[in-house]
Amino acid sequence: MQEYYLVLLVFLGALALFDLFVGVSNDAVNFLNSALGCRIASFRTTMWVAAAGVMLGATGVCRFLCLARVYG
């Protein structure tokens, strides 16, 4: 019976990670579509700003995870 609960827990964790990935990707696409749709900047400028945001987000997440690990 414990194996059943372990498999169920792993499956639910995988579903949660997949749902988080899809949700964040959907939000990113919606923001990008609205930025491109209003044509405030060119496609190239919009992509550079989006790439800079991804890089800043990827490098800045470590600090938040470290805080969550210490205080969580």
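The values are calculated or read from the model by the stated rules, or taken from the named source; none is laboratory data. Since the model is a prediction, treat every value here as computed from it, not as a measurement. Positions of Cβ are generated from backbone atoms using ideal geometry, with glycine treated the same way; all protein chains shown enter the neighbour counts. Surface areas here come from the heavy atoms of the whole protein model, side chains and all, with no ligands, DNA or RNA. Shrake-Rupley method; radii C 1.70, N 1.55, O 1.52, S 1.80 Å.
Take the Cβ atoms of residue 26 and residue 3, set R0 to 35 Å, and the FRET efficiency comes out at 0.50. When the solvent-accessible area of the chain is split by element, carbon and sulfur atoms take up 74 percent of it, the probe being 1.4 Å. Taking 25, 34 and ordering them by how much accessible surface each has at a 1.4 Å probe, largest first, produces 34, 25. With contributions of -39500 (n - 2.57) from each DSSP H run of at least four residues, the per-residue ellipticity at 222 nm computed over the chain stands at -33000 deg cm²/dmol.
Near the amide H of residue 41, within less than 5 Å, lie no amide hydrogens of residues on another chain or at least 5 residues away, with H placed in the peptide plane. Hydrodynamic estimate: the Kirkwood radius of the chain over Cα pairs, inserted into Stokes-Einstein at 10 °C and 1.306 mPa s, corresponds to D of 104 µm²/s.
Solvent exposure of the chain, expressed per residue, is 92 Å² of accessible area, with all protein chains present and a 1.4 angstrom probe.
Backbone geometry of the stretch 6-13 corresponds, through the Karplus equation with coefficients 6.51, -1.76 and 1.60 at θ = phi - 60°, to 3J(HN,Hα) couplings of 5, 5, 5, 5, 5, 5, 5, x Hz, x marking Gly and Pro.
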